[in-house]
Structures are given as C-alpha cells and as structure tokens.
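Notes follow the structure.
The values are calculated or read from the model by the stated rules, or taken from the named source; none is laboratory data. What you see is a predicted model, and the numbers here were worked out from it, not measured in a lab. No Cβ is skipped: glycine too gets one built from the backbone with ideal geometry, and neighbour counts run over all protein chains shown. Heads up: the accessible areas ignore ligands, DNA and RNA and are worked out on the full protein's heavy atoms, side chains in. Shrake-Rupley method; radii C 1.70, N 1.55, O 1.52, S 1.80 Å.
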Amino acid sequence: MDSPKLSVGDWVEVRSKDEILRTLDSSGQLDGMPFMPEMFAFCGKRFQVYKRAHKTCDTVFPVRGRRVANAVHLETRCDGSAHGGCQASCLLFWKTAWLKPVAGKLNGSTAAVPGGIGCTEADVMARAETVDLKDGETKYACQATQLPYASSQLDWWDVRQYVEDYRSGNVSLWQLFCGGVYFLGLWLSRAGIGVGRPIRWFWDKFHSLWGGAPFPRKGGTIPDGEPTPANTLNLQPGELVRIKPYPEILQTLNTRNRNRGLYFDAEEVPYCGGTYPVLKQVTKIVNERTGKMQEMKTPCVILDTVICQSHYSECRLFCPRSIYPFWREIWLERVGPNASAAQLEGDDQAVAHCSSVPGSMRG
C-alpha cells in the first residue's frame, strides 16, 4: 500500500493500539523504527502534521544527515516514562502507517492499516528496557538510539531533499535561500583565500537587515584544558529567563565551545538575548550511543519553544527533528516580575526573527 504523502498542517488521527500493533514486527518496529510505549497515550487522538520527517540527523554515529521513509513529526514528544525517566523530551517519529487522514481536513485515503508480523503491548514494553549482559546495567532502546537503523544514507549535496523541504511545507523559499547564502559564506571563510575575516565582519555588521543572528561559528575564549565557570540559579519550570548576549556566553566557553563538557551550538545563537520560560530541569538523559542513562554532573535546563532549527548545521541542513538544546544556568539570567512590556515585546520580535533566518545540541 502506498503511504499518503503528508505535508505540514495536514490533520491526522493516530490509529488505535490494535491497528498499530498489527503493523509491527516481533521487535516492535516498522522498517526499523520502534513504536515506543510512550506513544500509546496518543492513540485515537488528532493532530496536525508539524513537519514531514523525510530526513533527520543521526546523533549515534558521527553526526550526519539520514533519509527516513514514510514518516512525519506531530506536536508530540517523549516523556521518558518507559525509558528510566529520560528528560530529553525528543520529538516522536510517526510512520504514516500508524496514522490516518482526518476526513474533511485532508484530501486522502483512509485505507486499512498494512499488516506486519504483529506483536503485543507487552512486547513493546519489553523492548524499551533490557539488561546489558556484559555489565548488568540497564540499557534502553528508543527511536533516538535506533535511528541509524531506521534510516538510510543522505548526502548533503542531494538536491532532492531541499525540494522536498519546500514542497512539504517544512521550510520556505526564503529560508532555502538564506541557508544557501550562509553556507556559501561559511565555505568561503574556510577556503584559505583571505576572505574569512571580511565575511564574518560583514555578517555581524549587517545581519539585522535580514532579521538574522550574529555569525554563529565563533570560538570560546578560555584555553582548552582550563576550567570553565559555572553558576547555580536553581531555575524551576515556568520561571522566565533571558538568554545572555552571545559575546557574554563566548566568555564562558573554552576554545572547543564547551562549558563543563556541554557544547554550545550555532543553533543556539539566534535565541541569544531572548526571553523564554523554563520548561524543565535536565539531570539525566539516555545516551544515544550507549543506550544507558547518563547523569549530568552539572544540571542544565531546556526552555519552552527553544529548539534546534538546523539552519546552521552542516551536512544536515533543515533537519526537522527539533531537538531541545540544553542550557547551562550561567548562560541565563532571571527576568524579574517587573520586566517592562517593551523588553518583552523586543524579545518576542527576536523569537519571530529566528523562524526566518538561516540556522549536536548535546555535548
């Protein structure tokens, strides 16, 4: 059966638990993509397509772009309840076989769900958490850990992906243009022909004309090997914080752009200076390479609506995975209850600019 080609904004309904279980193999997967226990809660509910997940970024092996077949992202994230309480809040992948178009809101077929080998809900639960026989530690399997095996090679120069980015509604023509201009400038700045500094100067001087961010590939100021500073604010969900200006954050990073091991990515630069609510504290995540729980020595936070837009990411431009970047508290400052309306309005405008500029969040 041909899967419907879903686009951004289309309405779909997540199929019933029994229908989805019939699509899965004995490992609880479809085409290598796991259906995770956390996803059962969405069965029978309706959503609009957030992005077409025709491509993604693999963070298991050396970071790279990957092609994914017949999948979309909805506004649904993993709550980690079946994976040791992982706090990464990853955007979920939905194979189109697990969805059906909503009548009247999408022109398309509501064809019957294709059959697989089938498995039970207990099988899905059992695949999420196992024991490593080598060391006896708990090991987790999820969509993030299995992504390399549920995807195929995608070269950055394959123009077809950018055509699909536009046709699916994932990105606009302006974003495509800005992305091309940025990477042309980045390539020229690295070409060793003496134009790197002028290009970076021009970008920093005039980026506001197109609503963009400062040149996002600058290095930290602390020599590698020396300690980087920390600060403890004990931020709680719902608190309002302002992200410090980019130059101030660079002063907290070493020359590898890390603060206490956490990488500050170019995708975070457009948000600098903006004000956002704290979504949650992050103290533990599943390590996507090992499948084991990783406790953070220095806790960090994720901020509401602040996501990787993959506008500055080499070899995976416009990846729709929308990972939450992690923020050290030293990069943030509390916004008091008396913050002026003018300040907050300016921050809102900065957020709007982020969606129109060309742009591994985890260190």
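Points worth noting:
- Taking only the C-alpha atoms of the chain, Rg followed by Dmax gives 21.2, 62 Å.
- Of all accessible heavy-atom area on segment 137-296, the percent that carbon and sulfur account for (1.4 Å): 56 percent
- With a threshold of 28 Å on the Cα-Cα distance, the over-threshold entries among LYS55/LYS244; LYS218/LYS297; LYS95/LYS139; LYS95/LYS297 are LYS55/LYS244; LYS95/LYS297.
- Computed on protein heavy atoms with a 1.4 Å probe, the accessible areas place ARG64, ARG328, ARG46 in the order ARG46, ARG64, ARG328, largest first.
- Whole-percent carbon and sulfur share, accessible surface of segment 41-89, 1.4 Å: 51 percent
- The magnitude of the dipole of the chain, with charges of +1 and -1 set on the Cβ of Lys/Arg and Asp/Glu and taken from the Cα centre, is near 580 debye.
- The alpha-carbon atoms of segment 229-286 define a convex hull whose volume equals 109 cubic angstrom per residue.
- A simple packing score, the average count of other Cβ atoms within 10 Å per residue, orders the peptides 160-167, 269-276 as 269-276, 160-167, with the highest score first.
- A Förster radius of 30 Å, combined with the Cβ-Cβ distance separating PHE202 from LYS292, puts the computed FRET efficiency at roughly 0.10.
- Mean residue ellipticity, 222 nm, helices only, the chain: the sum of -39500 (n - 2.57) across DSSP H runs of n ≥ 4, divided by residue count and rounded to 500, is -6000 deg cm²/dmol.
- Evaluating kT/(6 pi eta Rh) at 20 °C and 1.002 mPa s, with the Kirkwood radius of segment 30-181 over Cα pairs in the Stokes-Einstein relation, gives 124 µm² s⁻¹.
- Shape box of segment 188-335 [Cα atoms, principal axes, largest first, Å]: 45, 33, 33
- The distance linking segment 3-62 with segment 142-200 is 25 Å (Cα centroid to Cα centroid, whole angstrom).
- Along its three principal directions, the equivalent ellipsoid of segment 189-260 from the Cα gyration tensor extends over semi-axes of 28, 20, 7 Å, largest first.
- Calculated accessible area for the chain comes out at 47 Å² per residue, all protein chains present (probe 1.4 Å; ligands, DNA, RNA ignored).
- The peptide list 304-311, 245-252, 220-227, put in order of mean Cβ contacts within 10 Å with the highest first, becomes 304-311, 245-252, 220-227.
- Counted over all Cα-Cα pairs of segment 60-104, pairs farther apart than 11 Å make up 75 percent.
- From largest to smallest, the equivalent ellipsoid semi-axes obtained for segment 124-172 from the alpha-carbon gyration tensor read 36, 13, 7 Å.
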